[in-house]
Amino acid sequence: MSHHHSLHPRRASLLRLLPATMLVALVLGAAFNGRGQRRVTPVNTPATTTQHINATAGDTARINAVRRATMAHYLNENGFTVYVDTLDGTEWIDSTSVLKLPKMKYPLLQDLSIGVNIWDGVMRAFGQKYGLGDISIKANLHNRYQPTFEVGLGMAKNTPAALNFTYRSPLAPYFRLGADYNILYNSNPDYQFLAGLRYGFSRFNYALDNVTITNGYWQQDIHTSIPSQSSTAGWLEVCLGLKVKLVGPVSAGWTFKYHKMLHLSKAAQGQPWYIPGFGTRGSNIAAAFSIYYTLPVGANKKASQKVNIADADTSTDNNAATQVDINAQQ
Amino acid sequence: MTLPKYNILHRLAALATFSLCSILPMWLGGCSSDGCLEGQTAIPLAGFYALSDKPHAVSVTGIAVYGIGQPGDSILYTPDQSLKQIYLPLSSLNTSCQWVIAYEMQGLDGLADTLSFHYSPVLTFVSNDCGCVYHYHIHSLQYTRHVVDSIAIVGDSVIHNIDTEMLKIYMKVDPVMPN
């Protein structure tokens, strides 16, 4: 009995809470159910008639579109579309077009550079038996296209150990004409990654001295030479290079070349071993290391230019202008 | 919008990285040399063939081969050798030379055929690995026909420093041992 009496108050309180719980559930259910099915009858008031205007007051895209429709515009030297307010003369640039990088970020003639290739000279110090050096003149157009002309001098003198001759090719000029393409054309001109093509040409002479031949059976020891032969060569080079500004107008750069002979004179007494500007005939790979002096022809003019850009997306005042120096990297 | 400015250390690091990438393959490539894959001398190589219904290569025994006018009258091949091919070096200082094939076998003793080469030796620079070699432009080849039936020159009549058979000597079958 005592057990029965001790449980009874708890049950009573639960029974008292049950209707209240059901009432709350009913009210909540009706509230959520009513939200989904609510119907609103529109009522026109002064506030609602201007609601669409107020809702788009900050929509800069819409505002810009309206302004474009009523304003004259022109393209500036950087390729940006500049809109002119015909009422007050305010000029502004559509910020959406600024975000896209222009096709040609740098001026037509960005700079001129003169280079000296010292690779062969250095390699001669380490025992190479051929080559001398060349000078290149390169125009940097839009920091992208770089037509190049190279002129150099080459020579060779080689007496291989355990062989029977001295190869001699006196000083002869060579020329290369071609162009590079700066893959990093929209980046800092101090760093250039270049891919290019060259046509090389040289006319030169070569001879072989101190030729010794032993004819064993006929017991003949012959000391002779091959007199000077003239030859003309033309070749194609595919180049891959890097040019890096060191200090001031001085830069340095590697060029890695794959070259292939296009034409070479026929020779009655053997083809040349060394071709000025090409290197040894049997090799398809060559390199150059050049020191450049850059003349900033167009870069100075460009560096001082500043462009007003209306940054409508970040400012609540559409007439506010932000100054952006797009050539600060120069 | 300002592009980043790099200091000279970054520039040198970029240049050094590219230098390493450039020099390494060149250095590795420079270690290997093609060498002289051809010969360093140009000597006509002649093969013996028997004339029958179908000409075929044969090995010949019992012949002595020597050049006329060679200092010391040195015999290049002796009769005890079994020969399928023979080298006939040409004199580099002359424009003609003669080679004798003397038969020392039963029934042909005392017989000999003489091959007379007329040519122009041309000193030729082959390559930096092979050096200079005499090539021979053959103008004519005359021969007697005691045992030799005919001789054919293979190719362009120029003896290069390549070890290939340039002459085919077709012989009458009798003295020839089939291969």
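The values are calculated or read from the model by the stated rules, or taken from the named source; none is laboratory data. Note that this is a predicted model, so its numbers are computed, not measured. We place every Cβ from the backbone using ideal geometry, glycine too, and count neighbours over all the protein chains shown. Heads up: the accessible areas ignore ligands, DNA and RNA and are worked out on the full protein's heavy atoms, side chains in. Shrake-Rupley method; radii C 1.70, N 1.55, O 1.52, S 1.80 Å.
Remark on A:GLY270: its backbone amide H falls under 5 Å from those of B:PHE125, a criterion applied only to residues 5 or more positions apart or on other chains, H modelled at 1.01 Å from N. Residues whose amide H falls under 5 Å from that of B:LEU51, counting only those 5 or more places apart or on a different chain, are B:MET171, B:VAL173, with hydrogens built in the peptide plane.
Per residue, the solvent-accessible area of the stretch A:163-222 (1.4 Å probe, heavy atoms of protein chains only, all protein chains present) comes to 42 Å². Put simply, chains A and B cover up around 3800 Å² of each other's accessible surface, both sides summed, when a 1.4 Å probe is used. A:ILE285 sits with roughly 90 Å² accessible to a 1.4 Å probe, with DNA, RNA and ligands left out of the calculation. Expressed as a whole percent, how much of the Cα-Cα distance distribution for the stretch A:130-271 exceeds 18 Å? Of all Cα-Cα distances in the stretch A:130-271, 66 percent exceed 18 Å.
For the stretch B:71-110, accessible area lost to neighbouring protein chains reaches 40 Å² or more, against the chain alone with a 1.4 Å probe, at B:PRO71, B:LEU93. Interface burial in the stretch A:225-247 reaches 50 Å² or more for A:LEU242, A:LEU246, comparing the full protein assembly with the chain by itself; accessible area from heavy atoms with a 1.4 Å probe.
Put A:LEU262, A:LEU242 in order of accessible area, highest first, and with a 1.4 Å probe you get A:LEU262, A:LEU242.
Straight-distance candidates among the aspartates and glutamates for linking to B:LYS168, with alpha-carbon spacing under 18 Å and chain neighbours fewer than 8 residues away dropped: B:ASP53, B:ASP113, B:ASP149, B:ASP156. Burial of accessible area (probe 1.4 Å, heavy atoms of protein chains only) in the stretch A:203-217, relative to its chain alone, reaches at least 50 Å² for A:ILE213, A:TYR217. The distance separating the Cα centre of the stretch A:122-167 from that of the stretch A:212-271 comes to 10 Å.
Placing a label point 7 Å from the Cα of B:GLN85 along the Cα-to-Cβ direction, the residues of the stretch B:128-142 whose backbone N falls under 20 Å from that point are B:134-138. Computed on protein heavy atoms with a 1.4 Å probe, the accessible areas place A:SER228, B:SER127, A:SER136 in the order A:SER228, B:SER127, A:SER136, largest first. Distance check, please: which entries in A:LYS129/A:LYS260; A:LYS138/A:LYS266; A:LYS157/A:LYS257; B:LYS84/B:LYS172 exceed 25 angstrom between their Cα atoms? In this structure, A:LYS138/A:LYS266 lie more than 25 Å apart at Cα.
Among the protein heavy atoms, those of A:LEU208 account for about 0 Å² of accessible surface (1.4 Å probe, every chain in place).
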